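Chemist: Quick one: the structure is below, and I'll ask about it shortly.
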Amino acid sequence: MDRITLGLEWFLNPDHVPFFVADERGYYAEVGLELEVWEPPEHYDTLEMLAAGELDVAITEPIHLVPDRSEGVPVTGIATFLHTRGGIQYPTDRGWDSPADLEAGVRLNYPGAPGLGGRKMVAHMAQHAGGDLTAEGIEPVDRGFYHTDALIEDDADVAFLAFYNFEIVESEHRDVETALWELSDYGVPDFNQLILTAADERLEADPERIERFIDATRRGLEDTVADPDTAAELFFERNPAVRAEDPGLIDAITEATLETFTPDLQQDLEMYRELVDFCEDLELTEEPVTVEEFTDQRFS
């Protein structure tokens, strides 16, 4: 039996249901694999560990893959397994109609603060809507991915990048009215996706093991889409602590997340082309890259 280590993008949550369905139903074992799941202390640790050869496969978002590749990080996208809606999360009681209403001094929570990446993208969305906000005019707030907490506790006015199936569902559960200005409505490629990645060295040395992992994962995704309630039950039986703190909230997030899985695992190459151009235009990449450099189509 070969061990394969999957690095998560965040703490264990309903995004990861299909992997546990595949494991519980023996799909990994059937192809000679023993799945080990690694939960990162920090979000950005996963790709670093992957590139260093300490993980076999890792989950991330496309917006990280492109800049990292431009910096020479030898990591490649191999499949997309989740596609949701996302963008700027904002309170609906401010009277704002679009990102154009955001003014200098607005407080933005985003992972990576105080780096310019999140601020540049939000400023771009504001300008696309007709506003004049600049990245330099945005006050960075570092509450990590705890976007809703940042808004409720008045540490931030808006948050980026928020996902509908997490932050908007969470705010509804907590009786706080928030909504999304979605990326694609304001000139940003729709990178609201979770993807599987592998290090170049691992892809070259052992593509057959990666292919086995993808084949078993696809079966888990198909089962999750076909029977989401049973899939969720399997996940929580294996990981009861995920629901322990707030079962109602996790159940609501799970219901929304189960609608976002993409069992065909196809990578959106057109989105990636747009994302490469977008990152270059906003100077989010150091060196030019091509889609062919950081995607591998063999497995999806």
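Just so it is clear, none of the values below were taken in a lab; they were calculated from the coordinates. Since the structure is predicted, the reported quantities are computational estimates derived from the model, not experimental observations. Counting neighbours? That spans all protein chains shown, and the Cβs are built from the backbone with ideal geometry, glycine included.
Chemist: Evaluate the distance, in nm, between pseudo-label points positioned 7 Å from the Cα of residue 201 and of residue 142 along their respective Cα→Cβ axes.
Modeler: 3.0 nm
Chemist: May I pose another question? Take every Cα-Cα pair in region 174-233 and report what % of them are more than 16 Å apart.
Modeler: 70 percent
Chemist: Another question, then. Taking a temperature of 25 °C and a viscosity of 0.890 mPa s, what whole-number D in µm²/s does Stokes-Einstein yield for region 143-259 with Rh from Kirkwood over alpha carbon pairs?
Modeler: 144 µm²/s
Chemist: Please state, to two decimals, what the Cα-based radius of gyration of region 223-300 comes to when divided by 2.2 N^0.38 Å (N = residues).
Modeler: 1.59
Chemist: What percent antiparallel are the DSSP beta bridges of the chain, to the nearest 5?
Modeler: If I count the DSSP bridges inside the chain, around 60 percent turn out antiparallel.
Chemist: Working out 0.36 nm times the residue gap between residue 241 and residue 155, then minus their Cα-Cα distance, what length gain in nm do you get to one decimal?
Modeler: Extra length available between residue 241 and residue 155 comes to 28.1 nm.
Chemist: Region 18-76 to region 138-162: how many Å between their Cα centroids?
Modeler: A separation of 27 Å, based on Cα centres.
Chemist: Which value does Rg/Rh take for region 86-186 over its C-alpha atoms, Rh per Kirkwood?
Modeler: Rounded to two decimals, Rg/Rh equals 0.92.
Chemist: Moving to a separate point now. What is the distance, in nm, between label points placed 7 Å from the Cα along the Cα-to-Cβ direction at residue 277 and at residue 42?
Modeler: Distance between the two pseudo-spin positions: 3.4 nm.
Chemist: Dimensions of the chain along principal axes (Cα, Å, largest first)?
Modeler: 57, 45, 29
Chemist: Where in region 10-51 is the amide nitrogen less than 12 Å from a point lying 7 Å along the Cα-to-Cβ axis of residue 3?
Modeler: Within reach of a label on residue 3: 34-38.
Chemist: Springs between alpha-carbon pairs under 10 angstrom, Gaussian network model over the chain: which of 152, 63, 253 fluctuates most?
Modeler: Of 152, 63, 253, the most mobile in the Gaussian network model is 152.
Chemist: With just the Cα atoms defining each centre, how far is region 190-210 from region 240-300? Give it in Å.
Modeler: Centre-to-centre (Cα) distance: 13 Å.
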